[in-house]
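The values are calculated or read from the model by the stated rules, or taken from the named source; none is laboratory data. All of these numbers come straight from a predicted model, not from anything done at the bench. Virtual Cβ from ideal backbone geometry, glycine too; neighbours counted across all protein chains shown. Quick note on the areas: whole protein, heavy atoms, side chains included, nothing else; ligands and nucleic acids left out. Shrake-Rupley method; radii C 1.70, N 1.55, O 1.52, S 1.80 Å.
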Amino acid sequence: MRKKHWTVTPWFLIFASAMLIMALASYNYNRVLCYIELGISVVSFAVVFIFSLRFHNYIVTTVRNAANRIRGVDSEYLERYKCPVAVVGEKNDIVWCNSKFSKNMCGGRSPEGETISRYLSGFEIKDVADRESFDVAVNGKEYTVFCVSVGKGVICHFVEDTFYKETAREFKDSRPCVAIVTFDNAEDFLNENDETYTEITLTVAAYLQKWAAEYNALFKKVSDNRYMIIFRNSDVEKLISLKFPILKQIHSIKVNHHGATVSAGICKDAKTLKDSEANARKALEMALGRGGDQIAVLTDNSYEFFGGTAAAPEKVSKVRMRVIANAISRAVADSDKVFIMGHRFSDLDCVGSAIGLQCIMEKSFSRYSRIVIDKDTSMAKNLISFTEEKLGGDIFITPDEAIRELTQRTLLIIVDTHIKNSLESITLYERCKRVIVIDHHRKAVNFIDNALVFCHEPSASSASEMCSEIISCLDDKPIGYVQADALLAGIMLDTKSFVIKTGARTFEAAAYLRKKGANTLTVKEMFSDSIDTYKEKVDIVCRAQIYRGCAVSTAESAADDVRLASAQAADELLTLKDVNASFVIFEEDGTVNVSARSYGRVNVQIIMEKLGGGGHQTMAAAQLENTTKELAYQRLTKVIDEVFDDVSNT
């Protein structure tokens with residue numbers, strides 16, 4: 001029974017009474033009509049009586065079941081409860097309640113016959129019955145509700161705890177959240193005169209101080225171009241909803257077309273202030289590892305990122321690379337074998353950097369060294385064939401062979417990736433106790449965190465550029481034209497032949513390799529493809545559609561070279577007019593993949609991260625499980641909308 005019974009019964013009584021009066025009034029005029037009306041009145045009264053009797057029995061049965069389940073007591077016991085109690089029937093209607101429920105929840109009126117859902121904040125009784133507890137809000141007060149099944153009904157106990165919940169919220173909102181902020185591209189303004197540089201740094205500090213003052217936060221300068229701000233937790237929540245407008249405000253500080261950028265790490269919900277400060281530094285390291293110009297918020301080991309639209313500034317100093325080269329030398333000296341491994345579906349940058357390092361490890365350090373690779377899935381088959389022809393094929397081994405040769409002192413050097421799940425062999429990494437990482441991609445959350453040396457430079461154009469600099473700081477006499485060609489091929493791949501992410505150090509690395517015998521014509525031949533791959537690439541380009549300045553295409557074929565063709569098609573689509581980014585969706589071995597490219601105006605890394613992938617600002621990818629290319633297309637366009645709308649709103 002529902003509230004409908006209580007509203008319909010009075011109308012039946014009024015109707016029956018009216019018919020009875022009309023029957024009595026028509027007795028002297030038309031006895032037949034009188035008897036008809038009298039019969040209808042009797043039937044109406046009978047219907048009301050039967051329904052009322054059934055409803056009464058329904059209430060009695062439900063309440064009796066409830067009382068019997070509570071240690072054999074009756075409804076008088078429920079009435080004496082100090083908290084609101086309601087008995088709900090099998091049709092989700094209130095069949096009985098105590099006076100506390102009527103007074104506190106219904107303003108003194110009787111709620112019998114009403115649906116219980118209106119008092120459960122949208123919860124359905126079937127979903128919460130016998131649950132441990134849940135929270136609701138009724139008439140401005142908050143309750144913790146306990147529902148117990150009793151036969152065909154449910155007893156609902158409402159424990160009012162508004163004060164305690166408000167206190168808990170106030171405590172959480174007022175908890176301190178430490179933010180560590182750094183002026184991350186201050187070096188870009190060092191070439192200006194001292195007066196201009198000082199003015200820029202003071203302006204950035206003033207913007208940050210004003211930002212802190214808006215939220216009544218503590219502001220303190222901890223070192224040159226680094227600041228600490230302590231916000232309230234509720235203020236951080238508000239900043240997250242606003243997407244941290246301070247990033248755009250800092251961008252307005254410009255000198256000679258150079259715009260200032262800041263990065264920040266913020267920790268939420270830490271147990272102590274010391275933990276909050278330590279985790280804020282960790283979050284700042286993550287933000288800088290992703291290229292800077294962004295804010296990383298760390299909450300319970302989960303990151304949220306905001307900003308990251310500016311290109312990472314190039315680091316001019318080579319001191320860091322010399323320090324890393326010395327650290328690598330010490331690690332190699334303590335090892336008996338050196339394996340070099342990259343990511344799955346290795347490309348020219350991955351293989352090229354590995355070939356250069358393998359030569360140094362074996363000839364300069366006299367260590368057994370091999371490159372761990374799956375030749376069948378590699379996209380650098382031309383480079384592998386060239387190297388095997390010139391040097392022999394024994395420098396390449398499979399992951400299984402490497403695992404069999406593994407020792408306690410084996411050193412594993414990982415190049416062109418820092419993500420565990422992207423490795424050519426996760427098993428080899430897990431069994432190897434000594435690891436070095438060399439990568440240029442923007443830092444991801446699930447990075448390798450047990451490396452002896454973690455050489456991560458998001459401002460570098462490629463892993464081959466980084467390896468060239470490291471090799472130049474070591475004994476590089478063994479490097480010949482084969483290794484130089486391999487390293488130059490890697491640089492040319494990731495820079496699109498010196499078009500994107502190309503800085504002074506990129507050209508210096510290329511010049512160094514040229515002195516070592518690199519031949520640009522030989523390198524160019526490594527980019528050649530078969531006629532079938534070329535046709536597949538052209539077909540993908542022809543199917544592209546423009547969506548919000550992005551070229552999006554889908555590869556219909558599932559040929560063996562679809563991955564290579566899709567990557568090349570994504571590069572080719574960038575040459576179209578008014579295209580700022582390109583995305584190619586293809587399927588391989590039952591998994592849908594997305595290959596993304598840009599010239600830097602659009603950060604494709606952010607878009608791919610929202611799809612579960614990652615990469616670099618100008619080159620990224622994602623793998624989508626248990627989906628189709630059509631659904632992947634819809635998800636991609638939705639994410640493009642989200643990212644573009646966020647950028648326009650901040």
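For this structure, a couple of remarks:
- Residue-normalised accessible area of the chain, given per residue in Å² at a 1.4 Å probe: 48
- Options Y227, N216, I246, ranked by Cα towards positive dipole end of region 138-275, top entry (Cβ charges): N216
- Helix-only arithmetic for the chain: the sum of -39500 (n - 2.57) across DSSP H runs with n ≥ 4, divided by the residue total, places the mean residue ellipticity at 222 nm at -14000 deg cm²/dmol.
- Estimated dipole of the chain in Debye, rounded to 20 [Cβ of Lys and Arg +1, of Asp and Glu -1, Cα centre]: 2040
- Sorting W211, W96 by accessible area puts them as W96, W211; the probe is 1.4 Å, largest comes first, and only protein heavy atoms count.
- Set against the 2.2 N^0.38 Å expectation for a compact globular protein, the chain has a Cα radius of gyration ratio of 1.39.
- Percent of alpha-carbon pairs separated by more than 22 Å within region 471-597: 47
- The figure for I397 is an accessible area of roughly 20 square angstrom, using a 1.4 Å probe on the protein chains alone.
- If you wrap the tightest convex hull around every Cα atom of region 142-249 and split its volume per residue, you get 137 Å³.
- Compared with the dominant Cα axis of the chain, that is its longest principal axis, helix 233-242 is turned about 80°.
- S99 sits with roughly 60 Å² accessible to a 1.4 Å probe, with DNA, RNA and ligands left out of the calculation.
- The apolar share of the surface of region 510-650, taken as the fraction of accessible area on carbon and sulfur atoms (1.4 Å probe, ligands and nucleic acids excluded), comes to 48 percent.
- Dividing the alpha-carbon radius of gyration of region 375-434 by the rule-of-thumb value 2.2 N^0.38 Å gives 1.23.
- Taking Cα atoms only, the orientation of helix 194-214 departs from the longest principal axis of the chain by about 20 degrees.
- Part-to-part distance (alpha-carbon centres) for region 435-508 and region 342-387, which is given in Å: 13
- Ignoring the sites themselves, the chain has its longest run without GluC sites (Glu not before Pro) in a DSSP loop having at most 12 other Cβ atoms within 10 Å at 133-624.
- Solvent exposure, largest accessible area first (probe 1.4 Å, DNA, RNA and ligands not counted), of Y547, Y303: Y547, Y303
- In the context of the full protein assembly, R281 retains an accessible surface of approximately 100 Å², using a probe radius of 1.4 Å and ignoring ligands and nucleic acids.
- Angle between the chain longest axis and helix 629-649 axis [Cα atoms, degrees, rounded to 10]: 90
- Of all accessible heavy-atom area on region 332-403, the percent that carbon and sulfur account for (1.4 Å): 45
- The residue list I155, S528, M466 was ranked by how far each Cα lies along the charge dipole of the chain toward its positive end, using unit charges on Cβ atoms, and I155 comes out on top.
- Relative contact order (%) - criterion: Cα under 8 Å, at least six apart; region: the chain: 7
- Sulfur and carbon atoms: percent of accessible area, region 113-266 [1.4 Å]: 49
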